[in-house]
Amino acid sequence: MDQQFLYDINSVPQVNLRNRTTAVLAGKVVGGGSAVNAMMTVRGTMEDYNRWGGFFGNQSGWSWEGLLPYFKRALNFVPPNRDVADSAKITYNTSFWGNSSGVYAGWPSFQYPATTITMDSFKGIPGIEFPGDSGAGRPGVYWYPTFMDPKLVARSYARTGHYDSIKRENYHLLTGSKVTRILFNGTTATGAEFTQGKSKQPTTVKARKEVILAAGGIHSPQILQLSGIGPRRLLDSAKINTVVDLPGVGQNFQDHPMVMASAIDRNLNVHPSGDDMFNNATFLTWAANVWAANKTGPYSIATGNAAAWLSFPVISPRYAEISANLTSQNHASYLPAGTDPTVAAGYRAQMQSYAAALRGNGTAFYNLVLSGGASNGIIVDLHPLSRGTVNIDTADPHGREPLVDYRALSNPLDVAIMTDILRFTRRYYMNNTLTTQLRPAELVPGAAVTTDAQFADYIEESLSPSEFHPVGTCAMMPRELGGVVDQDLKVYGVQNLRVVDASIIPTLPGANTCQTVYALQCEKQAADLIRYGSSKVVASG
């Protein structure tokens, strides 16, 4: 992605990752993050969404049952080519999908045979399920579509699926603009201030009914803080007048950490494979020719269409021990010094929920994407325990991007979980009778890495704290648990202001966040919440 379409943001040095920094991907383009990092159309599990409603003491509105109709409305599912589906053993169930959206969930016209083999190899491990569709809300190993228009064989995302088809006089999009703050009359939101292009002169727009903020997990908390909504102590340091002291704004920051270098070279002897695109001139020529002729073949594959999303008891023999350790932690001690008691209470509630999830088989903690090549190298921790912050830079709050601190591995149990994620991956490849035809050979972390301390060193050296899925910084939780918005996504303490993006997600779904954001932002919010005013509205179809 060209840097002109991304904000220039880097995290603060991560003290538990040997003071490394990481790029913070935030889209500066029509379509936002969906234009730059959203290929998998995976939803996560039922438990991921039931957990959200549970923080309010009920399951109404925000739950798997409440969200499933919006998931179905958010995407237009097009089944895979029947010949490809049969040869690759792709399964799907259209009852989990809709067909009315302008954003497509599509399939490539080609799959590498090794993808099916590596999927079948999970059958040698006890406890693993194989749901018939990625939309079923269950952990397991399954196929999934990608955000692809099947006719154009091109990326389908928020701009192409929504904005490009809008033909209304009351719909205006100003590109090259950046919101600087929300305007208030007392505690009532009355409009917004923004700048255009390189001009520093602000322009204002008034709201007749309400202001809806959708700037994402990084910029929504910044805009609220610049507008006087946030932790009073932070705002005082930045010399910003406090409209509402709301301690949770910018806290509870989460992203999916991943070990990028844990590849296994399987010396694959199954062809064609993804490696043939680099090593086999005849195959590469064929792939280029069929793509040029009719956009079919290997070039129609984006990031792949198969993966394992597994619960913790399946991958870790010490799941009960880690769960018990999480339950007994002094949770507040792993948050930044001076964290407000309400934010600490919310963190404790989340950790207690995760402690139960670590003992059960309803929440996926592990993700391995299967590419059909000789190496699969991205392993994701789907539910990190550590929490970071996204706060304005008090030295120059209006002139600088916010300070992004993942606080990676600040909860030490994340290291234990990542260690068991790596150990399981090693078992899958090296101690699995079903992978003999793949002739596995471990590259990294390497056979010499065996002890907890050695794995911890490897994780500190190689872990990326981000899969570019920032959430949680304006969390939908009760105010007494550090929440920023209520179940109707209205900001606490003010009137006529809602937040409708990934920042409201209280805990990460065990999946890429894009489809979840489509459901809550484009469908549940725009179609029902704003129209009818209640999260208890459930769509049909």
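The values are calculated or read from the model by the stated rules, or taken from the named source; none is laboratory data. Small disclaimer: the values here were computed from a predicted structure and weren't measured. Note that we place each Cβ from the backbone using ideal geometry, even for glycine, and neighbour counts take in every protein chain shown. Accessible surface is based on the protein model in full, side chains and every heavy atom, while ligands, DNA and RNA are left aside. Shrake-Rupley method; radii C 1.70, N 1.55, O 1.52, S 1.80 Å.
Using the structure shown, decide if PRO412 is open to solvent by less than 30 Å² (accessible area, probe 1.4 Å) and either more than 30 Å from GLY186 (Cβ to Cβ) or not small (Gly, Ala, Ser) (or both).
no
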- Of all residues in segment 26-43, how many are open to solvent by 40 Å² or more (accessible area, probe 1.4 Å) and more than 24 Å from ARG73 (Cβ to Cβ)? 2
- Item | The one condition in (1) more than 25 Å from SER100 (Cβ to Cβ); (2) open to solvent by 40 Å² or more (accessible area, probe 1.4 Å); (3) modelled with pLDDT under 95 that GLU65 fails to fulfil | (1)
- Note on segment 223-239: residues open to solvent by 10 Å² or more (accessible area, probe 1.4 Å) and closer than 12 Å to ASN391 by Cβ are LEU226, PRO231, ARG233, LEU234, SER237, ALA238
- Query: Taking into account only those residues within segment 198-222 that are touching a helix residue (DSSP H, G or I) at 6+ places or on another chain (Cβ under 6 Å) and outside any helix (DSSP H, G or I), which is least open to solvent (accessible area, probe 1.4 Å)?
  - Reply: LEU213
- Query: Filtering segment 443-483 down to residues that are touching a residue at least 60 places away in the same chain (Cβ under 8 Å), part of a helix (DSSP H, G or I) and of a type in the set (A, V, I, L, M, F, W, C), which residue is least open to solvent (accessible area, probe 1.4 Å)?
  - Reply: ILE459
- Query: With ALA114, ALA189 as the choices, which residue is part of a strand (DSSP E or B), crowded, with 17+ Cβ neighbours inside 10 Å and of a type in the set (Gly, Ala, Ser)?
  - Reply: ALA189
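Where in segment 264-368 are there helices (runs of 4 or more DSSP H), lying wholly inside it, with at least 1 residues that are in contact (Cβ under 8 Å) with a residue 60 or more places away in the chain?
Correct list: 312-315, 319-328, 341-359.
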- Note on the structure: PRO272 fails exactly one of (1) touching a Phe, Trp or Tyr at 6+ places or on another chain (Cβ under 7 Å); (2) open to solvent by 30 Å² or more (accessible area, probe 1.4 Å); (3) at pLDDT 95 or above, namely (3)
- What about ARG18, is it touching a helix residue (DSSP H, G or I) at 6+ places or on another chain (Cβ under 9 Å) and over 23 Å from ALA302 (Cα atoms)? yes
- Taking GLY140, is it under 27 Å from the mean Cα position of the chain (by Cα) and modelled with pLDDT of 95 or more? yes
- Item | Qualifying residue in segment 145-157 (condition: among the β-branched types (Val, Ile, Thr) and more than 16 Å from GLY32 (Cβ to Cβ)) | yes
- Query: Which condition does SER34 not pass, out of (1) touching a helix residue (DSSP H, G or I) at 6+ places or on another chain (Cβ under 6 Å); (2) of a type outside the set (Asp, Glu); (3) farther than 30 Å from VAL179 by Cα; (4) outside any loop (DSSP other than H, G, I, E, B), if it passes all the others?
  - Reply: (3)
- Out of the residues in segment 48-62 that are under 19 Å from LEU382 (Cβ atoms) and more than 18 Å from the chain's Cα centre (by Cα), which is surrounded by the fewest Cβ atoms within 10 Å (Cβ to Cβ)? GLY54
- Message: For segment 165-186, give me each residue that is modelled with pLDDT under 95 and open to solvent by 80 Å² or more (accessible area, probe 1.4 Å).
- Response: LYS167, ARG168, GLU169, ASN170, HIS172, LEU174, THR175
